[in-house]
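Accompanying notes for the structure given below.
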Amino acid sequence: MKKSTKIILWVFFLIVALVQLFPLIWLVDFSFLSSNEFYSSSILKWPSDPQWQNYINAWVDGKFLRYFLNSAFVTTVTILLTVVLSLTLGYAFTRMQWRFRSIFFTIILLGIMIPIHATLLPNFAIFKALGLTNSYLGLILPYTAVSVPMGTFILTGFLKSIPKAMEESAVVDGAGIYRIVFQIIAPLTAPALVTVVVTTFLNCWNEFIMASTFLSKDALKTLPFSVMNFAGQYSSDYGSQFAVMVLTSIPAIIIYAIFNEQITKGVTAGAVKG
């Protein structure tokens, strides 16, 4: 490749990276402004007096720690259920021979095309009748139901790239089905599992509409509610709201930075073999 071509590619990728990172830079910049400084023609504005008080307000008045723990619990349980169900379904669809397998696989994948908020009203009616509103389970169940189809799709594609020789050896040694799935297959599908974990995490961590419909008890609310604590009827504390959003985005950035390589491998393998 010529040197000039390399330079053009580097410039192009730097521009793309800046465009991708700009919303985060803008978020951090405005989190240090006072509410009076928000209304200006500048896209980015260097704060004359950085408002660290916005982060104190976000932590104390926004009840950040309590909502963070609630979000962490709901997201963790949802991820565990999604991983177990997606792995077992993916194994059943790729390794086992049974009637109506392709029909059930198609039905499961149809879930990818149904947005979570399209199920809002029927879920609310059912959960209200079952007494599941104002409970963690009222969020965990729909989050898991929406995440499993995509997880199954990713793992099914990845499992097709794994040879069956290791499973056949395990069967000869007397291993049962659960040992094969969770002790032999699961480690081999680690990149795809990481992809499922990260996509499920992002979907659950930032979801607000379903949470605001199902939850009214303050003790059960999740992180997006923290932003609403600074929204008034006639005015809002925008600086504190931006500080909450910065704090909320930190876990997602850390997880993506750690598992970036595994996500790429998992998505690529699923796309090629799926």
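The values are calculated or read from the model by the stated rules, or taken from the named source; none is laboratory data. Predicted model only: the values in this text are computed from it and were never measured. FYI the Cβ positions are ideal-geometry reconstructions off the backbone, even for glycines, and counts take in every protein chain you see. These accessible areas exclude ligands, DNA and RNA; they are computed on the full protein's heavy atoms, side chains included. Shrake-Rupley method; radii C 1.70, N 1.55, O 1.52, S 1.80 Å.
Does Ile263 count as without any contact (Cβ under 8 Å) to a residue 24 or more places away in the chain and assigned to a helix (DSSP H, G or I)?
Working: without any contact (Cβ under 8 Å) to a residue 24 or more places away in the chain: no; assigned to a helix (DSSP H, G or I): yes.
Answer is no for this residue.
So is Asp49 of a type in the set (D, E, K, R), within 30 Å of Asp237 (Cβ to Cβ) and surrounded by 13 or more Cβ atoms within 10 Å (Cβ to Cβ) or not? The answer is no for Asp49. Filter the stretch 192-226 down to residues that are surrounded by fewer than 20 Cβ atoms within 10 Å (Cβ to Cβ) and in a loop (DSSP other than H, G, I, E, B) and give me whichever is modelled with the lowest pLDDT. Applying the filter and picking the extreme gives Asn206.
I'm trying to understand the selection: among the residues of the stretch 35-62, which are at pLDDT 80 or above and part of a loop (DSSP other than H, G, I, E, B)? Before you say what the answer is, go through the steps one by one.
Taking the stretch 35-62 and keeping what is at pLDDT 80 or above, we get 49-62.
Of everything in the stretch 35-62, those that are at pLDDT 80 or above and part of a loop (DSSP other than H, G, I, E, B) turn out to be Asp49, Pro50, Gln51, Trp52, Asp61, Gly62.
In this entry, Val74 passes the filter for residues that are touching a Cys at 6+ places or on another chain (Cβ under 7 Å), hydrophobic (A, V, I, L, M, F, W, C) and open to solvent by less than 60 Å² (accessible area, probe 1.4 Å). Within the stretch 91-109, residues that are of a type in the set (Val, Ile, Thr) have Cβ atoms under 6 Å from residues that are open to solvent by 90 Å² or more (accessible area, probe 1.4 Å) in these pairs: Thr94/Lys160, counting only partners at least 6 apart in sequence or on another chain. Answer yes if at least one residue in the stretch 18-34 is assigned to a helix (DSSP H, G or I), in contact with a Leu (Cβ under 6 Å, 6 or more places away or on another chain) and within 30 Å of Phe230 (Cβ to Cβ), and no otherwise. Looking through the stretch 18-34, at least one residue is assigned to a helix (DSSP H, G or I), in contact with a Leu (Cβ under 6 Å, 6 or more places away or on another chain) and within 30 Å of Phe230 (Cβ to Cβ). For the stretch 227-243, filtering for residues that are within 16 Å of Ser34 (Cβ to Cβ) and either modelled with pLDDT of 90 or more or open to solvent by less than 40 Å² (accessible area, probe 1.4 Å) (or both) leaves 7. Take the conditions (1) touching a helix residue (DSSP H, G or I) at 6+ places or on another chain (Cβ under 7 Å); (2) touching a residue at least 24 places away in the same chain (Cβ under 8 Å); Lys217 misses just one of them, which is (1).
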